[in-house]
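The values are calculated or read from the model by the stated rules, or taken from the named source; none is laboratory data. Predicted model, so just to flag it, every value in this text is computed and none were measured. Cβ placement follows ideal geometry from the backbone for every residue including glycine, while neighbour counts extend to all protein chains displayed.
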Amino acid sequence: MEARLLRVTGAVQGVGLRIFCVAIAAELGIYGYAKNLPSGEVEIWIEGPAKNLEAFINRLRIGNGFSRIDHLVSSAETAKYYQRFSFY
């Protein structure tokens, strides 16, 4: 199990990005969360097999048709073993 902390900027709040993350996570068997930050960024924590995390990030970059990722920062983290994918 691998974990990544993502911070994304661009058109990422108010465009359904967090719900989109929930759908991608369900398809790929990924756990964690997505939450809006006061800075206008979205923070996303993902846990799962490495290939699934890469697939999640690739789908995130493509977006949901409303979102636009201008910048994505990814850092490797220690898994916290979340039991679901939530959004805040």
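Observations on the structure shown:
- Cβ-Cβ distances below 9 Å connect the following pairs, each with a first residue in the stretch 51-79 that is assigned to a strand (DSSP E or B), a second residue that is at pLDDT 95 or above and among the aromatic types (Phe, Trp, Tyr), and a separation of six or more residues or different chains: Glu77/Trp45.
- Single residue of the stretch 21-34 satisfying the filter (of a type outside the set (Ser, Thr, Tyr) and over 9 Å from the mean Cα position of the chain (by Cα)) that is nearest to Ala76 (Cα to Cα): Ile30
- Residues of the stretch 1-36 classified as loosely packed, with under 14 Cβ neighbours inside 10 Å, in contact with a strand residue (DSSP E or B) (Cβ under 8 Å, 6 or more places away or on another chain) and assigned to a loop (DSSP other than H, G, I, E, B), total: 2
- Taken together, Gly14, Gly32, Gly10 contain a single residue that is out of contact with any Leu (no Cβ under 7 Å at 6 or more places or on another chain), closer than 23 Å to Asp70 by Cβ and free of Cβ contacts under 8 Å to residues at least 40 places away in the same chain, which is Gly14.
- In summary, Arg68 fulfils each of the numbered conditions (1) more than 12 Å from the chain's Cα centre (by Cα); (2) farther than 20 Å from Val12 by Cβ with the single exception of condition (2).
- Scanning the stretch 35-50 for residues that are over 23 Å from Tyr81 (Cβ atoms) and either in contact (Cβ under 8 Å) with a residue 40 or more places away in the chain or within 11 Å of the chain's Cα centre (by Cα) (or both) returns a single hit, Asn36.
For (1) modelled with pLDDT of 95 or more; (2) among the polar types (S, T, N, Q), each residue gets a yes or a no:
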site: Ala3; (1), (2): yes, no
site: Arg7; (1), (2): yes, no
site: Tyr31; (1), (2): yes, no
site: Asn36; (1), (2): yes, yes
site: Ile44; (1), (2): yes, no
site: Arg68; (1), (2): yes, no
site: Ser74; (1), (2): yes, yes
site: Arg84; (1), (2): yes, no
site: Tyr88; (1), (2): no, no
